[in-house]
Structures are given as C-alpha cells and as structure tokens.
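One structure below.
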Amino acid sequence: MALLALGLNHKTAPVEIRERVTFGPDIVVGALRSLCGQPGLEEAVILSTCNRTELYCATDGDDGAERVGRWLSDFHGLELETIAPYLYRHENRDSVAHLLRVASGLDSMVLGEPQILGQVKQAYQTAADAATTGKLLGRLFQHTFSVAKQVRTDTAIGHSPVSIAFAAVSLARQIFSDLAQQSALLIGAGETIELAARHLHQHGIGRIIVANRTLERAHSLANQFDGYAIALTEIPAHLPEADIVISSTASPLPVLGKGTVESALKKRRHQPIFMVDIAVPRDIEAEVGDLNDVYLYTVDDLQEVIEENMRSRREAAEQAQEIIDLHTEEFMGWLRSLDAVDMVLDYRRKAERMRDEVLRRAMKQLQAGKTPEQVMQFLAHTLTNKLLHTPSARIRQAGVDGELALLEAANTLLQIKETGSSQ
C-alpha cells in the first residue's frame with residue numbers, strides 16, 4: 001500500500017484555477033465516496049481551502065497519481081490538461097513530510113498561520129465520518145496533529161499576529177488613515193471573518209456590519225464587536241454604507257455582482273470602497289475590480305502585505321522543519337514495520353504448517369507401536385531439518401556466490417555468532 005498526496009495550491013495555481021476544483025461542504029462527502037470507489041484506492045481525505053485543494057490517498061498501484069488526477073478533473077467536469085500544469089504529487093515519505101508541513105503552517109501563504117490545522121482536522125473528521133479512512137490515513141493524520149501541536153509549542157512559528165485577515169486589515173489601515181471614521185461590511189461568519197472583525201475592532205473601526213446566510217450566526221458574531229447583523233439578501237441595501245468590504249463565504253457562486261456595486265457607488269456619490277475577497281471560489285465578481293472608485297483585492301494580492309510581516313517567523317520555520325524531518329522518519333519507520341509484521345505472520349504460518357505435518361506423522365508412528373522415545377527423536381530431528389533446510393541452503397548458496405551482504409544479514413537476523421568472533 002502506497003501513500004499519495006496530489007493537489008494544487010496558491011504557489012502553483014492562480015485563484016481562477018483553484019476555484020474550479022474546490023470541494024464545498026455540500027459535496028465533499030459524495031466526492032470522498034466517489035474517490036474511494038476508484039480501482040485501487042482504499043482510503044482518502046480531501047482538504048479543500050481557499051489556498052489549496054489536496055487529495056490524500058492510500059493506493060495499491062503504481063499509477064495512483066494518474067488515476068487520482070483523472071478523477072479530480074472528471075469530478076469537476078474539466079479536461080485533465082486544464083489543471084495538469086498546476087498539480088503536484090508527493091508519494092510515500094514525501095507525502096508524509098508534505099502533510100506535516102501543511103498542518104504546521106509551513107506551506108501556507110501566511111507562514112505559520114494557525115487556521116490550517118483546524119481545517120486539516122475537519123477534513124480528516126469528515127473523511128472518518130464518511131468511512132473513507134482506515135489504518136494508514138488514520139495513523140498518519142493522528143501523527144500529524146501531534147507533530148503540528150509540538151511545532152506550535154516548541155517554536156515561535158505562531159507568535160507574530162500574521163494571517164490573511166490581519167493582512168486585509170493592515171491594507172485597509174494603509175488606505176484609510178483613521179478607521180474610526182469608516183464602516184466595514186463583513187460577508188460570511190467563519191473563522192477568517194471573525195479574525196478580520198477582531199482586528200478591525202482592535203484598531204477602532206467605526207462600525208461593523210456582518211452579513212451571513214444564517215442570520216443567527218451573523219447576530220452571534222456581530223454582538224461580539226458591537227456591530228449589527230443582516231442577511232445576504234440585504235447586502236444591496238447596506239452596501240452604500242460600507243467603506244470596507246471583506247468577504248469569505250463557502251458559496252459556489254459570487255454573492256456580490258458588478259451591478260450591485262455600481263448602484264452602491266452612485267448612492268455613495270463615488271466615494272471609494274476598499275474590497276478584499278478572501279473566498280475561493282470568489283465571492284465578488286472579478287468585473288467589480290474594473291469599476292472606478294473600487295479597490296478590489298483577492299487572496300493572491302495580499303501576498304505582498306503578508307511578506308512584510310513574515311520575517312520574524314522564518315527562523316522559527318527552520319526549527320519547525322527539523323521537528324518535521326524527525327517525525328517524518330518516525331512515521332516511515334512505523335510504515336516499514338507493517339511489512340515486517342506481515343512477513344513475521346507469513347513465516348509463523350509456514351512454520352506452523354511444518355509443525356502440523358510432522359506432528360501428524362509422529363502420531364501415526366505412535367499408533368503403529370513405536371516407543372515414545374523413538375517418536376520424540378523423529379519429531380525433533382524432522383522438525384529441525386524442515387525449519388533449517390531453506391535458510392541453510394540459501395546461506396550456502398550465498399557463500400558460493402560471494403554475497404557477503406546477505407551472509408552478514410543472515411548472521412544478524414539469526415544471531416549465529418557474535419560479530420568479529422573467530423570461532
């Protein structure tokens with residue numbers, strides 16, 4: 001059984017490609033079961049965020065990556081050639097190291113950002129609930145959670161307040177010198193929007209409006225920051241009030257179109273609106289960015305802002321990588337031990353078949369009238385010969401062929417004599 005990680009992320013694919021291969025909460029369970037229904041795929045976890053879509057699989061063939069890539073393109077109704085240039089694949093040890101880096105925040109747009117670990121945990125839980133995980137991925141992901149926790153505990157990787165939400169608010173502060181005079185419309189009510197609301201509140205934003213599909217959740221978030229809540233359908237009526245718009249929903253379609261924004265600008269008498277679309281697929285139609293008096297940024301545009309806040313985390317990332325390297329080898333040792341366990345079981349079964357055969361013959365001799373002493377001699381002699389015949393013949397042939405490495409391995413395995421003994 002082989003481990004495979006196949007996917008694309010913010011480093012390999014632009015947002016217009018990433019948004020075409022996302023797996024929303026409403027389709028991920030069906031996708032997991034469809035993926036595990038492919039020949040040779042026994043376990044699967046799908047990790048789908050704004051910045052990455054990754055498939056972690058346990059496969060039984062050499063062409064696992066090709067099969068998973070074809071499935072990914074077919075599932076989303078795309079030609080494989082459309083996404084193939086953006087895909088990466090990691091197998092066995094490399095797939096383990098990659099997942100540990102992802103969960104620890106070392107592969108994120110924001111180095112060391114903490115949200116990704118929660119997203120990895122949710123991806124695994126979804127797969128476990130869908131019964132698409134087993135011994136291999138179960139052990140791998142539990143190992144991953146432990147390592148990611150150690151990285152956060154033992155390094156300063158998460159000490160600086162850097163995140164997508166932080167970067168968005170930092171950019172807003174550069175555009176508006178005094179946030180106390182501004183109003184912010186936050187679309188969505190997930191963790192990223194909550195972080196954005198927290199940063200805005202800490203920097204004295206004048207007013208916060210939270211729009212969400214579930215009004216109860218919007219109220220819960222708005223109340224924390226002295227804001228007020230609206231439904232998504234009320235956005236057109238309140239958009240003219242917003243100087244800052246930050247959007248991050250799981251909607252498969254845009255929630256804010258060019259026409260709605262044009263209407264809002266007219267009512268604002270063309271006072272500018274700063275917009276950040278953190279969602280993938282995008283919440284705000286790309287054409288909105290063509291409007292005068294609109295400053296629209298996507299997650300990819302935040303990279304420069306984020307880079308300015310990253311320097312303090314790089315040394316910690318080096319320490320984290322050392323931890324990851326160590327625990328990657330630890331997991332691979334466990335994985336290799338599975339082959340040894342199977343070999344031991346096979347060897348025991350073979351020995352037991354020999355034992356049963358010799359015992360049956362010995363019982364016949366007792367029934368034929370031979371003395372117990374004679375039968376015991378036969379049993380001991382015959383069983384010893386049967387057990388030793390194959391390894392003895394192989395060792396003898398290794399000597400003839402000059403296979404010194406095999407002779408040394410046999411000596412270590414069978415503990416025939418101490419290394420360096422002259423006897």
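The values are calculated or read from the model by the stated rules, or taken from the named source; none is laboratory data. Keep in mind that what you see is a predicted model, and the values were worked out from it rather than measured. With ideal geometry, Cβ positions are generated from the backbone for all residues, glycine too; neighbour counts draw on all protein chains shown.
Annotations for the structure displayed:
- Cβ-Cβ under 8 Å pairs, at least 6 apart or on other chains, the stretch 355-366 side among the basic types (Lys, Arg), far side part of a helix (DSSP H, G or I) and surrounded by 13 or more Cβ atoms within 10 Å (Cβ to Cβ): Arg355/Leu383; Arg361/Phe378; Arg361/Thr382
- Of all residues in the stretch 325-341, those that are more than 15 Å from Lys135 (Cβ to Cβ) have Cβ atoms under 7 Å from Cβ atoms of residues that are among the β-branched types (Val, Ile, Thr) and modelled with pLDDT of 85 or more, 6 or more apart or on another chain, in His327/Val147; Thr328/Val96; Met332/Val96.
- Flag for Ile46 being over 27 Å from Glu191 (Cβ atoms) and at pLDDT 95 or above: no
- For the stretch 322-375, residues that are hydroxyl-bearing (Ser, Thr, Tyr) and not in a helix (DSSP H, G or I) total 1.
- Meets criteria (of a type in the set (A, V, I, L, M, F, W, C) and either farther than 21 Å from Val15 by Cβ or under 14 Å from the mean Cα position of the chain (by Cα) (or both)) for Val147: yes
- Residues satisfying the stated conditions in the stretch 211-227, i.e. in contact (Cβ under 8 Å) with a residue 12 or more places away in the chain and in contact with a strand residue (DSSP E or B) (Cβ under 6 Å, 6 or more places away or on another chain): Ala211, Leu215, Ala218, Leu221, Ala222, Phe225, Gly227
- Condition met for Ile175 (touching a Phe, Trp or Tyr at 6+ places or on another chain (Cβ under 6 Å) and more than 30 Å from Leu4 (Cβ to Cβ)): yes
- Of all residues making up the stretch 115-144, the number that are more than 10 Å from the chain's Cα centre (by Cα), more than 15 Å from Ser48 (Cβ to Cβ) and crowded, with 17+ Cβ neighbours inside 10 Å: 5
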